[in-house]
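Novice: Let me begin by handing over the structure; questions about it come next.
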Amino acid sequence: MAVKIMGITAGRHDGNSEILLKQSLLACQEAGAEVTLVNLRDFKILDCTGCTACSEGMARGKRVPCVLKAQDDKDKITEEMLKQDGVIFSAPTYDLFPSANYLRFAQRNLAYETAFLQAIGAIEKKDRVAGLIAVGGSMDSWQSIAMPAMQATTFTNSFLVVDMILAKRVPSAAQCLLNDELMERAYQMGANIMTAIHTPVEQRKWLGDEDEGWCPNCHSSALVLGHKQWDGVHWPIECQVCGAGGDLEKTEDGKWKFVIAEDGLSRDRTTDEGREFHLKEIGATHGLFYIPENQMLIKEKIKKFKELKFPGLK
């Protein structure tokens, strides 16, 4: 059976995001993969309503489909996406973040949380790999949140990110074609995706640039001060993306590095086990909401805010 690879882009047609993605997919195709390309601009994707139906269902151990399932194309794309062996995502960077249409698609993924669906037997376990491409007109500082944000959208569906590219200084449509090194790097991403897929699951590893990122677990550069978690667990420093916990240490040459604690991967969001632990938090938190006394208290207190009105725009 042929390896199945899907490319999903949020960029305009014939723009840098789509071209770089096509270059990566070309490498996959030439290596024998069955390739599909989806441009989100061709589909109707609605915003998540924040209804919490899917997460409340998880708290009860029951699959609740997205309430928007029949109203747009999200389900159609995601069902096919979850059948793939690998997916490469690309998106333009706006105001440090990946574009809104990419996030609109990705933030609807909770209803398809694969660790949960596997745990209740709704779907079979499948190990998937991913590559990420973020594209912008400036350097790292003006795209600093783009890659971590894209990384954060992949673990809900059990993707192991094995490569990432931050395409810099390509502000105009198709300007990436002037950068041979960047185009070669995009092709290499496709080759890396195929290498990962043909590697036994337990041996799959990071195949991107060796010095990418602060975190040795997910290669993100986004670190934050740790705060006590819902069950009391605390590390001084945490990876903002994968949740690895540890601290900063100075090396012999005077540089700083992030060192993961002995138990620092116990909440690793890139693993099914780590996300299954998060489901316990969801259950505990929703449980507090449904305590009869709390329901009565909310019912009484919300009256003030239902009656509170402010002038709007006409």
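The values are calculated or read from the model by the stated rules, or taken from the named source; none is laboratory data. The structure presented is a predicted model; accordingly, all values stated were derived computationally and were not measured. FYI the Cβ positions are ideal-geometry reconstructions off the backbone, even for glycines, and counts take in every protein chain you see. These accessible areas exclude ligands, DNA and RNA; they are computed on the full protein's heavy atoms, side chains included. Shrake-Rupley method; radii C 1.70, N 1.55, O 1.52, S 1.80 Å.
Novice: Failed condition for residue 269, given (1) in contact with a Phe, Trp or Tyr (Cβ under 8 Å, 6 or more places away or on another chain); (2) of a type outside the set (Val, Ile, Thr); (3) at positive phi, with all others met?
Specialist: Evaluating residue 269 over (1) in contact with a Phe, Trp or Tyr (Cβ under 8 Å, 6 or more places away or on another chain); (2) of a type outside the set (Val, Ile, Thr); (3) at positive phi leaves (3) as the failure.
Novice: Scan 153, 199 and give me the residue that is more than 14 Å from residue 24 (Cβ to Cβ), hydroxyl-bearing (Ser, Thr, Tyr) and either in contact with a Phe, Trp or Tyr (Cβ under 9 Å, 6 or more places away or on another chain) or in contact (Cβ under 8 Å) with a residue 12 or more places away in the chain (or both).
Specialist: 153
Novice: Let me confirm something: among 211, 247, 253, which residue is of a type in the set (Asp, Glu) and under 30 Å from residue 7 (Cβ atoms)?
Specialist: 211
Novice: Sticking with this one: Would you confirm whether any residue within the stretch 182-191 is more than 22 Å from residue 143 (Cβ to Cβ), more than 18 Å from the chain's Cα centre (by Cα) and not charged (D, E, K, R)?
Specialist: So far as the stretch 182-191 goes, yes, one or more of its residues are more than 22 Å from residue 143 (Cβ to Cβ), more than 18 Å from the chain's Cα centre (by Cα) and not charged (D, E, K, R).
Novice: Let me ask something else. Specify the residue that is nearest to residue 201 (Cα to Cα); the eligible residues are those in the stretch 233-264 that are open to solvent by 80 Å² or more (accessible area, probe 1.4 Å) and in contact (Cβ under 8 Å) with a residue 24 or more places away in the chain.
Specialist: 240
Novice: Follow-up question, since we're still on this one. Going through the stretch 192-203 one residue at a time, which ones are modelled with pLDDT of 95 or more and either assigned to a strand (DSSP E or B) or of a type outside the set (A, V, I, L, M, F, W, C) (or both)?
Specialist: Answer for the stretch 192-203, where residues must be modelled with pLDDT of 95 or more and either assigned to a strand (DSSP E or B) or of a type outside the set (A, V, I, L, M, F, W, C) (or both): 192, 195, 198, 199, 200, 203.
Novice: Among the residues of the stretch 57-88, write down those that are within 22 Å of residue 5 (Cβ to Cβ) and either part of a helix (DSSP H, G or I) or of a type in the set (S, T, N, Q) (or both).
Specialist: 74, 75, 76, 77, 78, 79, 80, 81, 84
Novice: Is it the case, given these coordinates, that residue 287 is part of a helix (DSSP H, G or I), touching a residue at least 40 places away in the same chain (Cβ under 8 Å), open to solvent by less than 90 Å² (accessible area, probe 1.4 Å) and over 28 Å from residue 218 (Cα atoms)?
Specialist: The answer is yes for residue 287.
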